[in-house]
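Here the structure comes first, spelled out in structure tokens, and everything after it is commentary.
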Amino acid sequence: MGAVAGTERRERTGVELGADVVLRALEESGVEVCFGMPGGAILPIYDALARGTSIRHVLVRHEQGAGHMAQGYARASGRPGVVFATSGPGATNLVTPIADAQMDSTPLVCITGQVRWASIGTDAFQECDITGITMPIVKHSWLVESVDNLRAITREAIALACAGRPGPVLIDIPRDVQEAPVRSEPPVAVARFDTSARWSPEGSPVDDVTRALAVASAPVLYVGGGAQGAAAEVRALAERADVPVVTTLMGKGAFPESHPLFIGWPGMHGNRAANLALHHADVILAAGARFDDRVTGRVDTFAPAARIIHVDVDPYEHGKVRSPDIALCGTLADVLPRLTARVPPAVADRAAWHEQLAAWACRYPLRFEDDGPALSAQTAIRVLSDATADREVIWTTGVGQHQMWAMQHVAVQAPRSFITSGGHGTMGFGLPAAIGARTARPDTSVVCIDGDGSFQMTLQELATSVAEDLPVVVVIINNGQLGMVHQWQTMFHDQRLSQVDLSHAQPDFAAIARGFGALGFTVGNASALSAAFAEALHASKTAVIDVHVSRNEACFPMIPPGGSAAEQLEYRPGR
């Protein structure tokens with residue numbers, strides 16, 4: 001009824017305001033959902049929402065939560081996430097999600113209210129130069145000067161957020177621009193940005209890649225987050241060229257983890273076989289990966305004998321960390337099929353390489369402390385993974401040990417099914433991202449694996465999940481510690497534990513959940529967890545399961561600070 005009423009009002013008054021233009025431009029661009037919270041400087045847009053729109057608005061409890069919800073929506077759907085916030089603190093609360101989206105290449109459109117033009121520069125109430133603050137972490141930002149530019153800027157911002165390497169954009173709109181009447185149709189915009197994906201020309205670079213893959217005796221396909229929208233193309237190339245595959249934390253799910261060519265996840269807490277595969281490879285094809293320091297360890301020792309082929313949509317990634325021998329610029333959806341069509345079946349004998357990879361996998365399985373008086377975190381996460389083996393699930397995580405354990409022990413077979421904060425490492429990401437993911441894909445189960453420290457940063461968004469009637473399941477791996485910091489202090493700071501104990505005044509998370517109107521469970525063993533998880537999965541409401549696990553467990557394997565991937569530390573009992 002709201003959308004009809006709004007249409008009738010605009011027809012009756014014959015006047016469209018700037019705020020209406022913003023909503024119309026979003027609708028024209030296919031936006032269906034936005035996340036946000038009203039405030040003084042953005043009230044005209046919220047008034048336009050009340051007058052009528054086809055866009056569903058999700059009211060959050062904190063603007064940071066709105067940003068992470070929009071990220072979760074974007075990552076689960078492949079469409080841009082849109083967030084509204086007012087000026088001043090509303091806008092600055094978006095800085096963390098914007099930085100997170102920039103690091104993880106997430107299309108995020110932030111629309112903020114600003115004080116009136118005449119008040120800009122006067123330190124007016126809740127005035128803030130948000131375009132200046134966010135300049136280093138957005139693809140582009142606009143401070144809108146005229147209502148005549150508003151429709152063009154909004155549509156251009158959405159296109160830019162999704163073009164090439166996706167990322168965040170910001171539109172800051174003074175209140176008087178939102179309120180200004182539009183008496184004629186704004187002119188059609190001419191894009192000021194080249195939003196076409198670049199593609200290296202046909203010829204020798206492509207031929208060089210296909211020849212290198214064909215003759216390599218120890219190749220590896222190193223798959224990053226850029227492959228989440230090109231999973232079929234990645235699989236086709238891997239199978240055609242008979243190349244084993246490793247996926248980064250951000251690439252998890254872009255290649256099925258049950259596939260015989262899958263080796264694991266390289267990096268600081270990746271499995272040893274994946275790290276050794278990269279270290280001993282003679283050809284590495286990096287697809288949508290950026291040679292992050294968490295993967296490479298010490299760069300000068302990373303893959304010392306490998307010929308590097310780097311395929312990425314962002315030309316500035318080529319050579320930023322590791323100089324490639326061959327660089328191809330373009331989307332994976334464009335580039336990989338061209339390679340697959342040309343690469344001949346492998347001519348090198350790969351039998352020894354596959355046998356070596358299998359031997360490493362057998363010799364270095366993921367090891368962890370057996371369950372003793374307390375449930376181990378790894379066992380708890382395996383219970384979740386096993387219980388959903390035949391079910392489509394989107395997993396989100398917070399940041400910390402639980403995030404790495406989720407990478408290691410949750411089996412993911414489909415793209416856009418594992419959503420986490422990678423480059424920025426943002427604690428508190430998990431719950432709001434799960435809300436955004438469930439909003440994007442309402443028929444898919446969404447499970448957030450969180451830590452007790454990470455969860456407490458955004459737990460107020462349980463109210464949003466309950467209000468929106470979203471059956472999100474949150475599983476808290478509760479060790480009463482800032483676990484990852486505890487592990488580093490124990491291993492590398494002579495066991496001087498400083499400000500990591502969360503057990504004092506630790507809240508009853510199940511009671512808090514029930515206070516918000518969600519289901520709440522507290523468990524301490526595998527059978528109780530299995531029962532609670534089954535009930536939560538089949539419930540039609542938000543649920544929180546507080547899983548009490550061993551307090552001092554460390555996450556292994558682990559590349560030590562300043563070490564190389566080949567020097568990864570293995571689990572030892574009692575460590």
Across segment 452-484, what is the number of residues that are touching a strand residue (DSSP E or B) at 6+ places or on another chain (Cβ under 8 Å), among the charged types (D, E, K, R) and outside any helix (DSSP H, G or I)?
1
I'd like to verify a number: residues in segment 506-555 that are outside any loop (DSSP other than H, G, I, E, B) and charged (D, E, K, R), how many?
3
Does VAL446 meet the test of being within 18 Å of the chain's Cα centre (by Cα), under 23 Å from PHE521 (Cβ atoms), outside any helix (DSSP H, G or I) and assigned by TED's automatic domain parsing to the domain that holds ILE545?
yes
Within segment 52-61, is even one residue in a strand (DSSP E or B), out of contact with any Pro (no Cβ under 9 Å at 6 or more places or on another chain), assigned by TED's automatic domain parsing to the domain that holds LEU143 and hydrophobic (A, V, I, L, M, F, W, C)?
yes
Do you know which residues across segment 438-484 are surrounded by fewer than 22 Cβ atoms within 10 Å (Cβ to Cβ), acidic (Asp, Glu) and touching a residue at least 12 places away in the same chain (Cβ under 8 Å)?
GLU468, ASP469
Restrict the check to segment 369-377 and report whether at least one residue is touching a residue at least 40 places away in the same chain (Cβ under 8 Å) and assigned to a strand (DSSP E or B).
yes
Applying the selection to segment 405-416, what residues are buried (at least 24 other Cβ atoms within 10 Å of the Cβ) and either in contact with a Cys (Cβ under 9 Å, 6 or more places away or on another chain) or of a type in the set (Ser, Thr, Tyr) (or both)?
TRP405
Being outside any loop (DSSP other than H, G, I, E, B) and in contact with a strand residue (DSSP E or B) (Cβ under 6 Å, 6 or more places away or on another chain) is the filter; apply it to segment 314-330 and report the residue that is surrounded by the most Cβ atoms within 10 Å (Cβ to Cβ).
LEU328
Can you say whether ASP300 is part of a helix (DSSP H, G or I), among the acidic types (Asp, Glu), assigned by TED's automatic domain parsing to the domain that holds ALA216 and closer than 30 Å to LYS139 by Cβ, as far as the supplied structure shows?
no
Only listed residue being over 25 Å from the mean Cα position of the chain (by Cα) and modelled with pLDDT of 95 or more, chosen from VAL83, VAL22, VAL31, VAL4
VAL22
If ALA387 passes every condition in (1) among the hydrophobic types (A, V, I, L, M, F, W, C); (2) over 27 Å from the mean Cα position of the chain (by Cα); (3) surrounded by fewer than 17 Cβ atoms within 10 Å (Cβ to Cβ) but one, which one does it miss?
(2)
Within segment 385-410, how many residues turn out to be outside any loop (DSSP other than H, G, I, E, B) and out of contact with any strand residue (DSSP E or B) (no Cβ under 6 Å at 6 or more places or on another chain)?
9
Name every residue in segment 249-284 that is out of contact with any Pro (no Cβ under 7 Å at 6 or more places or on another chain) and of a type in the set (A, V, I, L, M), in order of residue number.
LEU249, MET250, MET268, ALA273, LEU276, ILE284
Collect the residues in segment 267-292 that are within 23 Å of GLY330 (Cα to Cα) and of a type in the set (Asp, Glu), keeping them in residue-number order.
ASP292
Does ILE435 fit the bill of being assigned to a strand (DSSP E or B) and in contact (Cβ under 8 Å) with a residue 60 or more places away in the chain?
no
Would you check if there is a residue in segment 283-296 being closer than 19 Å to TYR364 by Cβ and assigned to a loop (DSSP other than H, G, I, E, B)?
no
Can you tell which of GLN487, GLN499, GLN568, GLN495 is in contact with an Asp or Glu (Cβ under 9 Å, 6 or more places away or on another chain), polar (S, T, N, Q) and either within 25 Å of ASP293 (Cβ to Cβ) or assigned by TED's automatic domain parsing to the domain that holds VAL446 (or both)?
GLN487
Does any residue of segment 140-154 turn out to be within 22 Å of the chain's Cα centre (by Cα), under 23 Å from THR96 (Cα atoms) and either touching a residue at least 40 places away in the same chain (Cβ under 8 Å) or assigned to a helix (DSSP H, G or I) (or both)?
yes
By residue number, the members of segment 267-282 that are assigned to a loop (DSSP other than H, G, I, E, B) and closer than 16 Å to VAL321 by Cα are GLY267
What number of residues within segment 478-531 satisfy the criterion of being in contact with a Gly (Cβ under 7 Å, 6 or more places away or on another chain) and of a type in the set (S, T, N, Q)?
2
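The values are calculated or read from the model by the stated rules, or taken from the named source; none is laboratory data. In this text, all values refer to a predicted model and were calculated from it rather than measured experimentally. Glycine also receives a Cβ, built like all others from the backbone with ideal geometry; neighbour counts cover every protein chain displayed.
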